[in-house]
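Let me begin by presenting the structure, written as structure tokens, before commenting on it.
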Amino acid sequence: MLTTIGLCLLNLGYLAYLAYDIGVQSRRGGKTLTAVRLRRRAADAVFLAVIIIAGLYYEATHDKNPANLAALALLTALVLIAGFRYPKWRLKKDGFTAGGRYWPYRAISAMRLSEDGVLVLTLESGQNLILPVARIDDLEHAAAFFTGEEALQHLFERPVKKTVVS
């Protein structure tokens, strides 16, 4: 009975997290102007799902409690859904959301970009916020959001069209 309650609470926690990430984060701090997909941690989700499936197998072969079987099956599905979704870095008018939190832009004291597409934001508190971007092209949109499209022309090796007025 205690196991069933624990599994149900764990399922509710995962459902609450998914609802918060999908429904609340996109609206928190205002309308999302640009969203950048971050690298997902699918390997972690698969590893955790394998552990849960082992518990599901044990439950199916030994205890055969239908409530636990249903709760474990739902937990496996929720873990896989959460793990295969791309987390997002959502840029708003006055701040951004990442990792379930909202920060105003004034909290950023420095930005660094590595060659493999990992953006590190240093906040005024000294905390480093690591944002591993899924695609470099998405990072171009975020950079354009911060600096304006004209300021990025030299970074992406695009020829700047100059018009000659005669």
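The values are calculated or read from the model by the stated rules, or taken from the named source; none is laboratory data. The shown structure was predicted, so the numbers you read here are calculated from the model rather than taken from an experiment. Glycine also receives a Cβ, built like all others from the backbone with ideal geometry; neighbour counts cover every protein chain displayed.
Observations
- Residue within region 93-109 that is acidic (Asp, Glu) and surrounded by 12 or more Cβ atoms within 10 Å (Cβ to Cβ) present: no
- In region 22-45, the residues that are without any contact (Cβ under 8 Å) to a residue 40 or more places away in the chain reach residues that are among the β-branched types (Val, Ile, Thr) with C-beta atoms within less than 8 angstrom, at least six apart or across chains, in these pairs: Ala45/Val79.
- Any chance Leu139 is aliphatic (A, V, I, L, M) and at pLDDT 90 or above: no
- Filtered residue count, region 10-61, keeping only those that are loosely packed, with under 13 Cβ neighbours inside 10 Å and of a type in the set (D, E, K, R): 3
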